[in-house]
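To start, the structure under review is shown below, and the notes come after it.
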Amino acid sequence: MTDYTPTLTISRPPPGERSKRERATERRSTMILLAPALVFLALMSIWPFAYLLYASFTSYQLAVPIPIEWVGFDNFTKLLSGERFWSSLGITAIFALVAVPLQILIGLGLAMLINSVVRGREIYASLFLIPMMLAPIIVGFSWNLFLNPIYGPLNAALRGMGLSPPAWAQSPEWALPTVVAVDIWQWTPLVMVILLAGLRSIPPRIFEAAKVDGSSPVQTFFNIILPMLAPYMVVAFVLRFIDSFKVFDVIYILTRGGPGTSTQNLAYYTYDVGFGRFQFGSAGALSIIQLILLIVGTSLILALVRRRGVGAADGGRS
């Protein structure tokens, strides 16, 4: 008797045809999975931006019952020829060029301080993160109470020491420095976290080798720590530079753009034009101008960083 074992032969398509079919299936599955996200992005981001761009070229005014007309670049030319726009731009520039570098410097010092702690590093870092985790409106109300010229604890303490404190947020000379100081207090922890991550990524053997070579702490800081933290500092600077154009909550609660227009940055000016005067066409044009300024400013910062990096690399090869 002879054993008979049946064999099953599976016919497979050629390798090229099979891979082509699999790629088509993967593309179809990817589009199905991404479709809800793409629709949500189109509804929540692309369509509002497209409508904003359209409104910036029209005479859209909510408070005036007149037909919406196409005005071209009239909104842009009126804004650029107005003194209030350039005043708001100057305040925004001062805010960005003062607050952001100070946040980088203070954040670097705090990051190095926490990095040197052996025990409880996570606890100290968490405590420093508290201002960043608070909502901007809570920060504004808290500092408004703290800096109140009549019953605020800061002025009470200064008067107790025989000093005559200013009105801080109500003073034309101190209003802008006060807003800058509040922004530094709230967002320096973000810079600290970024730079602390950079410090923790430096291998310890590099510091050990520098110590063996006789490098002093100052030399180690300038020759090792700063160059290796440069990419992290660029990321922190760009993030905070972009956010400095969007500061609104604290200014609205502390100063309402005043006294006068001494703290009215571009974000508050856009709010005042759009929701104070209901000139949505001009507010849209102002938003587009801010977007262009942010793109140009960020591109210049990255180009400067790239050029300095190339120069350093060329110098090292020579």
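Each reported figure results from applying straightforward, stated rules to the coordinates on display, with no laboratory input. Source: prediction; values computed, not measured. No Cβ is skipped: glycine too gets one built from the backbone with ideal geometry, and neighbour counts run over all protein chains shown.
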### Message
I'd like the orientation of helix 175-201 relative to the chain: the angle between its Cα long axis and the longest Cα principal axis, in ° from 0 to 90, rounded to 10.
### Response
30 degrees
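Would you kindly state the longest site-free stretch of the chain, with sites defined as chymotrypsin sites (Phe, Trp or Tyr not before Pro) in a DSSP loop (not H, G, I, E, B) surrounded by at most 12 other Cβ atoms within 10 Å?
On the way: sites that count: TYR4, PHE73, TYR151.
Answer - 152-318.
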### Message
Using each residue's phi in the stretch 258-274, evaluate 6.51 cos²θ - 1.76 cosθ + 1.60 at θ = phi - 60° and report the 3J(HN,Hα) Karplus result to the nearest Hz, with x for Gly and Pro.
### Response
x, x, x, 10, 5, 10, 8, 7, 5, 5, 5, 4, 5, 4, 5, 5, x
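What number comes out for the charge environment of TYR252, summing +1 per Lys or Arg and -1 per Asp or Glu over other residues with Cβ under 14 Å away?
Working: positive: LYS246, ARG256; negative: ASP183, ASP249, ASP272.
Net local charge, TYR252 excluded: -1.
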### Task
Select from THR25, SER116, GLN219 the residue farthest towards the positive end of the dipole of the chain; place +1 on Cβ of Lys and Arg, -1 on Cβ of Asp and Glu, and compute about the Cα centre.
THR25
### Query
Over the stretch 47-156, one equal point on each Cα, no solvent: what is log10 I(q)/I(0) by the Debye formula at q = 0.15, 0.18, 0.21 Å⁻¹?
-0.98, -1.08, -1.19
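What 222 nm value per residue comes from the helices of the chain, counting each DSSP H run with n ≥ 4 as -39,500 (n - 2.57) and dividing by all residues, nearest 500 deg cm²/dmol?
Values: 15 runs with 216 residues, N = 318.
Dividing the helical sum by the residues of the chain leaves -22000 deg cm²/dmol.
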### Message
Nothing charged except the Cβ atoms of Lys and Arg (+1) and of Asp and Glu (-1): what's the magnitude of the dipole of the stretch 12-139 about its Cα centre? Round to the nearest 20 debye.
### Response
800 debye
#### Entry: Among PRO259, PRO177, PRO36, residue whose mean-square fluctuation peaks in a GNM of the chain (springs only between Cα atoms under 10 Å)
PRO36
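Count neighbours as other Cβ atoms within 10 Å of each site's Cβ, and list the GluC sites (Glu not before Pro) in the stretch 55-133 that are DSSP loop with at most 16 such neighbours. Walk me through the numbers before you get to the answer.
On the way: sites: GLU69, GLU83, GLU122; in loops: GLU69.
In loop regions of the stretch 55-133 (DSSP not H, G, I, E or B), the sparsely surrounded GluC sites (Glu not before Pro) are GLU69.
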### Dipole magnitude (debye, nearest 20) for the stretch 74-308, charges at Cβ of Lys, Arg, Asp, Glu
380 debye
### Message
Check which residues have an amide H placed less than 5 Å from THR58's amide H, if you skip close sequence neighbours.
### Response
VAL71
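Kirkwood hydrodynamic radius (Cα pairs, Å) of the stretch 150-266?
After inverting the mean inverse Cα-Cα distance, the result is 17.6 Å.
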### Task
Rank ARG240, ARG28, ARG308 by mean-square fluctuation in a GNM of the chain with C-alpha springs under 10 angstrom and give only the top-ranked residue.
ARG28
#### Entry: Where labels lie 7 Å past Cα in the beta-carbon direction, separation of VAL296 and ASN223 in nm
4.2 nm
### Message
Distance between the C-alpha centers of the stretch 239-264 and the stretch 67-129? Whole Å please.
### Response
10 Å
### Query
Given a cut-off of under 8 Å on Cα pairs at least six residues apart, what relative contact order in percent is computed for the chain?
27 percent
### Percent breakdown of C-alpha pair distances by 10 Å bin, ordered from the shortest bin, for the stretch 74-308
7, 26, 29, 22, 12, 4, 0
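Suppose R0 equals 51 Å; then what is the FRET efficiency for GLU208 and SER81 from their Cβ-Cβ distance, rounded to the nearest 0.05?
Values: r = 62 Å, r/R0 = 1.21.
E between GLU208 and SER81, to the nearest 0.05, is 0.25.
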